[in-house]
Ligand SMILES: Cc1ncc(C[n+]2csc(CCOP(=O)(O)OP(=O)(O)O)c2C)c(N)n1
Ligand SMILES: [Mg+2]
């Protein structure tokens with residue numbers, strides 16, 4: 001679905017892009033060269049008198065600057081005389097103007113100008129958006145074809161997610177389970193991206209993306225059961241709350257170590273590609289995660305192995321207390337894609353429609369062209385990092401309030417569907433109270449369910465129990481029998 | 001249940017106020033030039049007396065994270081070439097250990113790093129190699145693995161591979177480790193044994209605030225790279241009187257916390273308070289336990305353990321990490337080698353099971369007091 005304004009940073013840049021990134025990026029970077037490799041010592045020498053022949057500019061017209069004395073001297077030397085015996089002729093094209101440098105590490109042309117690439121482009125990469133902060137389409141925005149059914153389904157899911165987060169957060173504070181973190185401010189990234197994917201796409205999440213599971217049918221009960229770590233938790237009570245996963249919904253169970261899912265998503269995509277599945281893999285991660293080695297490994301592998309992988313970075317400004325200025329000095333995450341030869345786009349992460357379009361297009365590129373795409377979604381982490389964090393220690397309350405009240409992505413999308421005539425105060429009231437009661441009901445039910453049986457401590461370490469674990473289980477049961485009061489009673493033996 | 005360890009400390013060596021100057025004038029952190037403080041420490045034969053320096057040393061009741069904060073403060077104050085960095089260190093760290101340090105010493109000496117453990121440790125090695133003290137924080141021991149290569153292949157071999165031309169002895173890596181009641185797989189691990197398999201680094205684990213302060217200062221000033229694991233369960237829970245000044249406790253020196261005659265118990269870190277409870281319960285049944293805090297896991301103080309086992313004839317080792325390949329196995333093997341004829345029962349290991357660290361089953365997984373008590377009784381009646 002092509003939309004006006006949706007620009008993907010392609011390896012072969014568009015003129016528009018070239019203008020944006022003119023300072024740092026051209027098609028292939030020319031290589032500065034003073035001394036020619038064929039230095040014979042007899043040729044016309046540069047002023048320094050060292051053994052060498054100044055290289056001329058082999059670049060295209062744009063790379064060439066005014067002729068210098070050196071290059072004039074050079075041009076007097078006949079090409080044939082420059083060829084040393086045994087040197088491969090094909091290293092040079094017939095047309096000197098288009099001679100290219102053919103080191104194995106880079107194919108490029110020469111320049112006699114010593115130019116360092118600036119650390120950032122003159123202008124930051126623009127951010128693709130379709131709706132403004134008030135939910136109104138931008139003047140020339142080409143909106144996606146989204147009918148009332150899809151739009152309201154997206155909105156409902158965003159409200160459900162928001163409600164679940166608010167209530168679960170409070171429940172954790174009241175001690176009903178041990179940990180929680182919210183997606184506040186990032187509901188659109190969660191739901192709009194999920195809506196643009198297909199259910200068979202394999203999704204690797206960090207931890208702030210439960211909305212993907214929600215969109216795919218993970219119920220409030222499923223979420224609550226996991227947080228309570230009860231017998232119905234698919235993860236059998238073994239992991240902390242919010243560590244969801246579902247084989248049925250193609251979401252491998254997440255882990256806490258940051259960025260580990262990224263190279264895994266690339267491997268998964270390679271598998272999908274080799275088995276000719278009409279599916280891609282999707283990896284979500286934060287701005288902090290982009291600093292880990294695994295992020296860089298993943299992008300490079302994805303580019304080299306040409307895997308259908310969509311990398312979705314939630315650049316929400318914070319990694320716990322660390323602001324992005326302590327995390328990277330690049331123009332965000334989006335520019336890193338080019339460093340690895342990956343098509344990339346920056347999107348307004350609080351604009352549901354823009355996200356939906358960008359992810360939809362990224363999926364098309366990933367699958368049709370079998371190549372990775374990087375999406376940087378700009379957002380703001382409205383909540384504390386987690387229930388273990390108090391963000392007022394490192395950021396201003398007013399800043400949080402601004403993003404929470406003025407920039408709320410859920411509200412922004414609501415304004416748009418209202419303007420379409422698909423939503424009104426009545427439906428809003430109904431869905432909010434429905435969401436509340438379904439979360440509370442799920443939570444109450446989850447709290448009443450039994451914990452998983454004790455044997456689950458030992459199973460699944462391997463496909464079957466090795467003898468050491470069998471022995472350890474017996475030892476444990478033996479001590480429990482001797483000291484029954486020393487152990488929790490809510491875990492069935 | 002964890003309790004505060006408030007028992008009197010043995011051997012708190014207070015480093016004289018002039019240590020800092022000596023340190024400043026000693027540009028080489030490692031390379032066999034001991035810092036003034038280290039020299040002073042070793043020349044005064046520490047850890048032989050069990051007399052707490054009651055009275056003459058001003059003390060203040062502190063919890064573990066505050067004691068660590070004090071040690072870090074002293075480290076920065078006494079050596080202008082010391083630096084502290086890691087994820088979220090600037091605002092005080094997720095466990096508050098670096099509170100106020102950036103404000104006091106400036107953002108060039110105390111700073112946030114990008115979220116990248118291999119970067120943190122690699123950077124720290126390079127900084128240390130230039131004769132600085134690099135105090136790197138890994139937010140959780142569970143997240144030290146991306147830095148494993150830098151620690152094992154680089155920090156540990158920096159001196160050896162260069163023929164002692166270079167070293168990164170000024171490196172100290174701090175990381176909170178261990179169970180905390182609700183940490184699940186990735187906020188509970190005790191990875192010490194991986195590092196105990198690496199010649200060239202030291203592994204130190206304190207059990208209490210006063211121990212932590214003295215051991216951390218020794219680790220920072222030791223001319224070898226040290227991995228310093230802090231028992232995060234005790235950050236707030238463990239409170240005791242901590243000497244206010246600058247002092248160091250010796251590395252590679254175990255401490256007999258409790259003397260006994262029937263069985264020797266060896267442990268480290270947070271597990272010691274559990275073991276201590278088991279000792280108390282055992283004594284009610286007439287069993288006299290000797291409890292040893294190993295403090296430094298490598299190079300470890302075999303002599304103290306050996307002497308104790310030669311006295312008691314029995315040994316029990318306990319740690320939270322999975323039993324198989326845990327450091328308890330090394331202690332057990334060494335003591336069997338050295339005390340074979342003296343042993344009156346097999347060495348007992350009460351440890352974590354060979355499973356990932358589980359959330360809901362944590363109370364079952366843990367080497368609890370009654371498991372230890374049971375093993376003590378089995379050993380004594382063997
Ligand atoms: C390898 C590793 N190091 C450190 C941590 C501790 N940690 C958990 S979340 C987090 C910050 C992540 O920030 P970001 O990637 O921006 O995600 P956000 O929380 O903003 O969604 C850190 C440092 C971890 N989980 N894993
Ligand atoms: Mg972030």
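Where a number appears in this text, it was derived from the coordinates with a stated rule and is not lab data. These figures come from a predicted structure and were not determined experimentally. Note that each Cβ is placed from the backbone with ideal geometry, even for glycine, and that neighbours are counted across all protein chains shown.
Worth a mention:
- Highest-fluctuation residue, B:236, B:349, B:295 considered, GNM on chain B with Cα pairs under 10 Å: B:236
- Within a Gaussian network of chain B (alpha carbon springs, distance under 10 Å), most fluctuating of B:221, B:302, B:207: B:302
- Beta bridges per DSSP with both ends in chain B, % antiparallel, nearest 5: 25 percent
- By definition, a body whose alpha carbon gyration tensor gives a ≥ b ≥ c is rounded when a/c is under 1.5, and the stretch A:148-448 falls into this rounded group.
- Relative contact order of the stretch A:148-448, pairs being alpha-carbon contacts under 8 Å that are 6 or more residues apart, as %: 24 percent
- FRET efficiency, residue A:393 to residue A:253 (Cβ-Cβ, R0 41 Å, nearest 0.05): 0.85
- Sequence-distant contacts, meaning Cα pairs under 8 Å at least 6 residues apart, place the relative contact order of the stretch A:201-297 at 35 percent.
- Among the residues of B:362-368, the average count of other protein chain beta-carbon atoms within 10 Å of the residue beta-carbon is 4.
- Sorted peptide list for A:235-242, A:137-144, criterion being average Cβ within 10 angstrom, highest first: A:235-242, A:137-144
- Dividing the summed helix terms, -39500 (n - 2.57) for each DSSP H run of n ≥ 4, by the number of residues in chain B produces a 222 nm estimate of -9500 deg cm²/dmol to the nearest 500.
- Alpha-carbon centroids, the stretch B:184-202 and the stretch A:148-218: separation in whole Å: 35 Å
- Relative contact order (%) - criterion: Cα under 8 Å, at least six apart; region: the stretch B:59-243: 28 percent
- Order by protection proxy (mean Cβ within 10 Å, highest first), peptides B:350-358, A:124-132, B:212-220: B:212-220, B:350-358, A:124-132
- Between the stretch A:437-493 and the stretch B:131-153, the alpha-carbon center distance in angstrom: 34 Å
- Packing-based ranking, highest mean first, of A:104-116, B:136-148 given that Cβ atoms within 10 Å are counted: B:136-148, A:104-116
- Test item: A:256-262 mean partner chain Cβ contacts at 10 Å: 4
- Cβ neighbours within 10 Å from other chains - mean over A:479-487: 4
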